[in-house]
Amino acid sequence: MGWGNVSFLENLRRGGAAKFDFDSGGASYVVELTKRNPVVSLTKQGAASGHLRVNLHWQMRTSDLHERSGHGRGGLLRHPGKLFKPEVVQAQGPAVVNVDLDLACLYELQDGTKGVVQPLGNFLGDLNGAPFVKLSGDDRFGSGSGETLYINLDHRDEIKRMLIFVYIYDGTPAFDRTHAVVTLYPSSGPRVELKLDERAPQARSCAVFMLENVKGELTVRREVKYVYGFQAELDRLYGWGLQWGRGYKSKV
C-alpha cells in the first residue's frame, strides 16, 4: 500500500567545491555521500548535462533467510532432526524476497509545476518533456537491475528541485534489513552511493537526496531522512503542497 498523487566527497582543495582525482576509468570508483560531506556540485564537476541515472537496488539479508528456514538462532537446537535432512534450496524471486521497495521522485519546476514520478499509479514521467524525469519500471522482487530513474539535465534550467525518495510499498518495514543502496551515475566523475542501512524501526519511507538548481548551479545534497508515513508525510516535511490519496498496485 502507498500513496498516489490526485557532497559526494571530500572538500575541495580550491573553492570549497567537491572534487575527485580519477583517471579515464574513474567511473569505476565509488564515493559515498556522508553526513560530514553531504553536498556535491554537479555544475562544478562538469556533470550538469546529459542524463543523471539513479538506481535503487535491494535484497534481503542472508541471515534473515536462514532464520526463516530454521538455520539461524538455534534452529538446529530446536529442531535437531534438520541436521540429517537435505537443505531446501529456495528459488530466487518472490518466494525469497518479501519486501517491495519503490524508487520515486517529487519534482518542482521553475514554472511552478509540481508532481511525483513513481510506480504507484503508473506515474512514470517523461524524459524529453516536463518533468524531465523518467522511471524505467517497477521492480517488485529485488532483482539485480533494481529500479532506475533518469533525469535529463539538459533541461536543468527548467528544474527547480527534485527529491529522490524510497518507500516500502509492501513487506517488512525495516530498511536496515534490505541492503538498500541508491547509486547515482553522473555524466562525469565517480558514481555515488547512499546506503539506506540505518536502523529506523517501522519507517516506511526515506528521503534519499535533493537535486537543486540554485542560481544556475546544480547540486546534490544527501538527505537520508526516514519517516513513518508515505508520500504525504515527505510532502509535509519538504513543503511540496500536493494532494494525496491512498493507492494500490495491481496484482502481479
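The values are calculated or read from the model by the stated rules, or taken from the named source; none is laboratory data. Predicted model, so just to flag it, every value in this text is computed and none were measured. Virtual Cβ from ideal backbone geometry, glycine too; neighbours counted across all protein chains shown. Keep in mind that these areas ignore ligands, DNA and RNA; they rest on the heavy atoms of the full protein, side chains included. Shrake-Rupley method; radii C 1.70, N 1.55, O 1.52, S 1.80 Å.
Take every pair of alpha-carbon atoms less than 8 Å apart whose residues are at least six positions apart; their mean separation over the length of segment 194-233 yields a relative contact order of 43 percent. Evaluating 6.51 cos²θ - 1.76 cosθ + 1.60 at θ = phi - 60° for every residue in segment 107-112, the Karplus couplings come out as 10, 9, 9, 5, 7, x Hz, glycine and proline recorded as x. Taking 7 Å steps out from each Cα toward its Cβ at Asn37 and Lys215 produces label points 2.5 nm apart.
Extension gain, Arg53 to His179: 0.36 nm times the residue separation minus the Cα-Cα distance gives 43.4 nm. Close amide H pairs (under 5 Å, H built 1.01 Å from N) link Gln59 with His179, Ala180, residues at least 5 positions away or on another chain. Note on Val30 and Glu158: the extension gain reaches 43.2 nm, defined as 0.36 nm multiplied by sequence separation minus the Cα-Cα distance. Of the solvent-accessible surface of segment 184-226, computed with a 1.4 Å probe over protein heavy atoms with every protein chain present, carbon and sulfur atoms account for 41 percent. Taking amide H atoms as placed 1.01 Å from N in the peptide plane, the amide H of Ile159 lies under 5 Å from those of Gln110, each 5 or more residues away in sequence or on another chain.
Distance between the 7 Å Cα→Cβ label points at Arg199 and Leu124: 4.0 nm. Among the listed pairs Lys35/Lys134; Lys160/Lys225; Lys44/Lys215; Lys114/Lys195; Lys44/Lys225; Lys35/Lys114, those whose Cα-Cα separation exceeds 24 Å are Lys35/Lys134; Lys114/Lys195; Lys44/Lys225; Lys35/Lys114.
From the P(r) of segment 112-243, could you give the percentage of C-alpha pairs in the tail past 24 Å?
For segment 112-243, the fraction of Cα-Cα distances above 24 Å is 27 percent.
For Ser136 and Thr113, calculate 0.36 nm times their separation in residues minus their Cα-Cα distance, and state this gained length in nm to one decimal.
Residue separation times 0.36 nm, minus the Cα-Cα distance, leaves 6.1 nm.
A cut-off of 5 Å between modelled amide H atoms, ignoring neighbours fewer than 5 places along the same chain, links Thr43 with Leu218.
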